[in-house]
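Here it is: the structure, laid out below.
No lab work stands behind these numbers, since they all come straight from the coordinates. The structure presented is a predicted model; accordingly, all values stated were derived computationally and were not measured. Virtual Cβ from ideal backbone geometry, glycine too; neighbours counted across all protein chains shown.
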Amino acid sequence: MSERSVSKQSQAKRWYTVHAPEQFDRAELGATPAEEPEQLIDRTIQTTLGDLREGGENNVKLTFQITDVGSDAAYTEFKRHELTRDYLRSLVRRGSSKVAAVMTVRTTDDYRIEIQPVAFTTKNADDSQQKAIRQTMTDIVRSAADERTKEEFIDSVVEGRLSSAIYSDAKQIYPLRRVEVQKTVLEAHPEEIAAEEEAAVDVDEDVDL
């Protein structure tokens, strides 16, 4: 390809400023090019909480997905939150236990979210203690989702309030050093869940016939 062709392609592309969702104050996430606005839809942008909010942690990674495009701006929704591998490795200690859980919850506005809380004990906990800690984590997370919208639930994760609530209750079972939410993923929107449930009803009716 000639330099002139490359130059023409570059000129044909337009740059769009990418913004975080309203719950993150529409902060600028950077800029991305595209020849056509629709090419930006579903594109993901990753940043850290430290870059997004003053005083935020750089070990918290946030991924946003473009859902709408204006004349010179692209708008996103929350897609994923996760802790960096280096930070998670730094929490592991010899002679202690790591208690993790993976679950899927639905918020009050019908978003489905996968979440993975993890607790680190001060010393080795036995199987029954680990099971009790895991159950406590599960109960608190499900209760939090049952009482919150998607935005409220994500805020409680990102701001550390959910992990603090888990720590407060679970430390009564066995001494804990740290509790974190290591990953949160938006799995499905309300309309997607409604379609799945409608399809499941249709299958059930076919079976009955």
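Which residues' amide hydrogens lie under 5 Å from the amide hydrogen of Glu187, considering only partners 5 or more residues apart or on another chain, with H built in the peptide plane?
Amide H neighbours of Glu187: Arg112, Ile113, Glu114.
Which ordering of Thr108, Thr47 is given by a fewest-first count of other beta-carbon atoms within 10 Å?
Fewest to most other Cβ atoms nearby, the residues stand as Thr108, Thr47.
Would you work out the relative contact order for the chain, in percent, from Cα pairs under 8 angstrom that are 6 or more residues apart?
Reported relative contact order: 17 percent.
Further question on the same structure: With axes computed from alpha carbons, what is the tilt in degrees of helix 3-12 against the longest principal axis of the chain, rounded to the nearest 10 within 0 to 90?
So the inclination is approximately 70 degrees.
Given a cut-off of under 8 Å on Cα pairs at least six residues apart, what relative contact order in percent is computed for region 14-82?
Relative contact order for region 14-82 comes out at 32 percent.
A further question follows. What are the residues whose amide H is under 5 Å from the amide H of Arg43, where those residues sit 5 or more places off or on another chain and H is modelled from the backbone?
Correct list: Ile66.
As a check on your grasp of the helix formula, calculate [θ] at 222 nm for the chain: sum -39500 (n - 2.57) over DSSP H runs of n ≥ 4, divide by the residue count, round to the nearest 500.
Here the helix-only value at 222 nm equals -11500 deg cm²/dmol.
A follow-up question, please. Trypsin sites (Lys or Arg not before Pro), restricted to region 35-94: which are DSSP loop and have at most 12 other Cβ atoms within 10 Å?
Sparse-neighbourhood loop trypsin sites (Lys or Arg not before Pro): Arg94.
Tell me, what ³J(HN,Hα) does each residue in region 186-200 have, in order and in whole Hz, if you take phi through Karplus 6.51 cos²θ - 1.76 cosθ + 1.60 with θ = phi - 60° and put x for Gly and Pro?
Result, rounded to whole Hz: 6, 8, 7, 8, x, 5, 5, 5, 4, 5, 4, 5, 5, 5, 5.
For the pair Gln135 and Arg94, what calculated FRET efficiency results from E = 1/(1 + (r/R0)^6), where r is the Cβ-Cβ distance and R0 = 35 Å, to the nearest 0.05?
E between Arg94 and Gln135, to the nearest 0.05, is 0.85.
Taking amide hydrogens as modeled 1.01 Å from N in the peptide plane, which residues meet the under 5 Å criterion relative to Thr76, leaving out close sequence neighbours?
Counting only residues 5 or more places away or on other chains, the set is His19, Thr67.
Name the lysines eligible as straight-distance cross-link partners of Lys61: C-alpha to C-alpha under 23 Å, and not fewer than 8 places from it in the same chain.
Lys61 reaches Lys79, Lys98, Lys150, Lys183.
Could you compute the net charge surrounding Thr67? Neighbours are other residues with a C-beta less than 14 Å from the C-beta of Thr67; K and R count +1, D and E count -1.
Charge balance in the 14 Å sphere: -3.
Once phi is turned into θ = phi - 60°, what whole-Hz ³J(HN,Hα) does the Karplus curve with 6.51, -1.76 and 1.60 give for every residue of region 90-102, x standing for Gly and Pro?
5, 7, 7, 10, 5, x, 10, 10, 10, 10, 10, 9, 10
Next up: Mind sorting out which of (1) 8, 26, 22, 11, 6, 6, 5, 5, 5, 3, 2, 0; (2) 9, 36, 37, 16, 2; (3) 8, 27, 28, 20, 12, 5, 1 is the real P(r) over Cα pairs in 10 Å bins from 0, in percent computed from the coordinates?
(3)
Here's something else I'd like to know. Two-decimal Rg/Rh of region 14-82 from alpha-carbon positions, Kirkwood Rh?
When Rh is taken as the Kirkwood radius, the ratio is 0.98.
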